[in-house]
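The values are calculated or read from the model by the stated rules, or taken from the named source; none is laboratory data. These figures come from a predicted structure and were not determined experimentally. Every residue, glycine as well, gets a Cβ built from its backbone with ideal geometry; the counts of neighbours run over all protein chains shown.
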Amino acid sequence: MAGRVAVVTGGSRGIGAAIAVALKNAGYKVAVNYGGNDEAAKAFTQQTGIPAYKWDVSDFAACEAGIKKVAADLGAPVEILVNNAGITRDGTMHRMTFEQWNAVIQTNLGSCFNMCRAVIEPMRARKFGRIVNIGSINGQAGQYGQVNYAAAKSGIHGFTKALAQEGAALGITVNAIAPGYIDTDMVRAVPPNVLEKIVAKIPVGRLGKAEEIARGVVFLVADDAGFVTGSTLSINGGQHMY
């Protein structure tokens, strides 16, 4: 139903921004969360008209307050949640610090609990909800130097299946999307010689586009997608068939 309120975390740049714009274009009332880049968030809002709210998704109380603020400002409870926020702190295990491990686990995985906990009770009361968690091909296949990131993203896939079972009888669907390598700032930061090797392993022969992930989200959050829950949609150009 057009007009439902949707929140996208990490939504002012990259995949999150594409998701937010696609949801707005589909008729939803959209707000995005962001963590630190005020300049990018301001530019995003100016370009799209989508309001951006700053809070730390690894902070439980901040997520609760943020959801209440969005609901108050947009005039309705949050019925669609896209958990997209994520960071990387790469390093091999023998060199990884606890801080690198913990930051990724809390931001990428802990945020899913924090955000879902803030919306789940109103969704249960209204007997409707759509939650999409953004996982990763590296949570499915693993990746050298990313034990923290792979663990967090793999955890998202398990979290999705368990929460889907809890919400299914109440009209709440919970699904995941596992993107492959998408043409975003994060991927562009990879050294060119390494990126060439990555692209060579993608059967379709190119990086994905953020808009291709966004189309998957729009499908999963639709009112008439109620029979799809507990699923992981892999959008990776055939790089990992899972």
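If you go through the range 134-165 and pick out every residue that is touching a residue at least 24 places away in the same chain (Cβ under 8 Å) and in a helix (DSSP H, G or I), you end up with 19. Scanning the range 1-42 for residues being free of Cβ contacts under 8 Å to residues at least 24 places away in the same chain, part of a helix (DSSP H, G or I) and more than 15 Å from GLU212 (Cα to Cα) gives a total of 3. Just one of the listed residues (ARG95, ARG126, ARG130) is over 18 Å from HIS157 (Cα atoms) and touching a strand residue (DSSP E or B) at 6+ places or on another chain (Cβ under 8 Å), and it is ARG126. Being modelled with pLDDT of 95 or more, of a type in the set (Gly, Ala, Ser) and buried (at least 19 other Cβ atoms within 10 Å of the Cβ) is the filter here; which residues of the range 86-129 pass it? Hits for the range 86-129 are GLY110, SER111, ALA118, GLY129.
Criterion first (crowded, with 21+ Cβ neighbours inside 10 Å and either at pLDDT below 95 or of a type in the set (S, T, N, Q) (or both)) does THR45 satisfy it? The answer is no for THR45.
Filtered by the rule that a residue be closer than 30 Å to PRO122 by Cα and either in contact (Cβ under 8 Å) with a residue 40 or more places away in the chain or among the basic types (Lys, Arg) (or both), the range 167-196 gives GLY167, ALA168, LEU170, GLY171, ILE172, THR173, VAL174, ASN175, ALA176, ILE177, ALA178, PRO179. Of all the listed residues (ILE177, ILE131), the sole one being farther than 30 Å from HIS94 by Cβ, part of a strand (DSSP E or B) and touching a Cys at 6+ places or on another chain (Cβ under 8 Å) is ILE131.
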